[in-house]
């Protein structure tokens, strides 16, 4: 599983004053869903439960039947 968050420097502009500070951001990565070895879709997701995401996608698209 990839990292769910990462630290990045952000720039803040308030009343014309610019400052920087570290912030924690959610990581987002592409996930390619393949069917019979062929690309079907690419979706962006927070790394983690990829199997459940792919299964839900396939059910919602009617590729798999919900039982």
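Compute a Gaussian network model of the chain, connecting alpha carbons closer than 10 Å, and tell me which residue from 41, 54, 17 fluctuates the most.
Comparing 41, 54, 17 in a Gaussian network model of the chain, the most mobile one is 17.
Evaluate 2.2 N^0.38 Å with N set to the residue count of the chain, then give the Cα radius of gyration divided by it.
Ratio of Cα Rg to 2.2 N^0.38 Å: 1.67.
Mean residue ellipticity at 222 nm from the helices of the chain, using -39,500 (n - 2.57) per DSSP H segment of n ≥ 4 over the full residue count, to the nearest 500 deg cm²/dmol?
Only helices count here, giving -5000 deg cm²/dmol.
Given a Förster distance of 30 angstrom, what is the FRET efficiency for residue 55 paired with residue 5, based on the Cβ-Cβ distance and rounded to 0.05?
0.75
Could you tell me how many degrees, from 0 to 90 and to the nearest 10, lie between the Cα long axis of helix 50-60 and the main elongation axis, the longest principal axis, of the Cα atoms of the chain?
Helix 50-60 sits at roughly 60 degrees to that axis.
Every read-out reported here was derived from the displayed coordinates using simple, explicitly stated rules and does not represent laboratory data. Since the model is a prediction, treat every value here as computed from it, not as a measurement. So basically every Cβ, Gly included, is an ideal-geometry build from the backbone, and we count neighbours across all protein chains shown.
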